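Below is one structure, written out as structure tokens; the observations come after it.
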Amino acid sequence: MSHNDVRGYAAPGFEKVAEVFAASAEAAGEEGVGIVATLEGETVLDLSWGESEGKPWTSDTLVCVYSCTKGMTALVAQILADVQQRGDAAVLEYSNRYDDLDAQSIESLELTQAELKSAYEGLPAAQREALQAAARRVRSYHGAQHTATARSWSHTARPGPGRGAEESSGCGGGPRASRTPHRRGCAAQHVAGRA
């Protein structure tokens, strides 16, 4: 397969990226690759090259993702800055966008203690245990941070089984009483430290 076999879209001014993209993948011995890039909210590249399991590589080809934390960190930093600047309006916008809600007010995101308890009790035991473990680690980290106050410090979380994405799914660490209202739509609140 040659670098002329690139499929997809390159906005005007980005054609050279398409050439370099395929030539680099071919030279590295890749079987198939894809890239999507946006600039100021507009897609400027949506390219694929090669194959996966005998089929042409497309934007729907499933892959393992490596080294993606820099981009996600930048996205989270943008969301945090927006929430800091716009407050509840931004929380509402991100909750609707990422949690697939149609909330019209920040109040419509509030959950009662009964709703929280019911949702928590409806989780499988393994997920409840994972949420409890994650909450313990957050409390431990916060405690170490609080103790260190003005000093330079570091904290190492104890490794444990099942650490990862499954532990951060859901909106709470259990049906504990809270002085602040819990809200529907976890995405922006967790990012903004509101959950």
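Read-outs: derived from the displayed coordinates by stated rules, not from any lab. In this text the structure is predicted, and so the values were computed from the model without any measurement. So basically every Cβ, Gly included, is an ideal-geometry build from the backbone, and we count neighbours across all protein chains shown.
Table for the structure above
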| read-out | value |
| --- | --- |
| S52, S59 arranged by Cβ crowding within 10 Å, fewest neighbours leading | S59, S52 |
| Dipole in debye (nearest 20) - segment 33-78, about Cα centre, beta carbon charges: Lys, Arg +1; Asp, Glu -1 | 200 |
| Residues V63, V83, sorted so that the one with the fewest Cβ neighbours within 10 Å comes first | V63, V83 |
| Centre separation in Å (Cα based) which lies between segment 1-77 and segment 117-143 | 38 |
| Full-extension gain in nm, D5 to C68, via 0.36 nm per residue minus C-alpha separation | 20.1 nm |
| Cβ-based exposure ranking for L109, L116, in which fewest neighbours within 10 Å come first | L116, L109 |
| Nearest-20 debye value, segment 3-63 charge dipole, Cβ charges on Lys, Arg, Asp, Glu | 60 |
| Spin-label model distance (nm) - A37 vs E110, 7 Å beyond Cα toward Cβ | 4.7 |
| Sites H146 and K16 - FRET efficiency at Förster radius 45 Å, r taken between beta-carbons, to 0.05 | 0.30 |
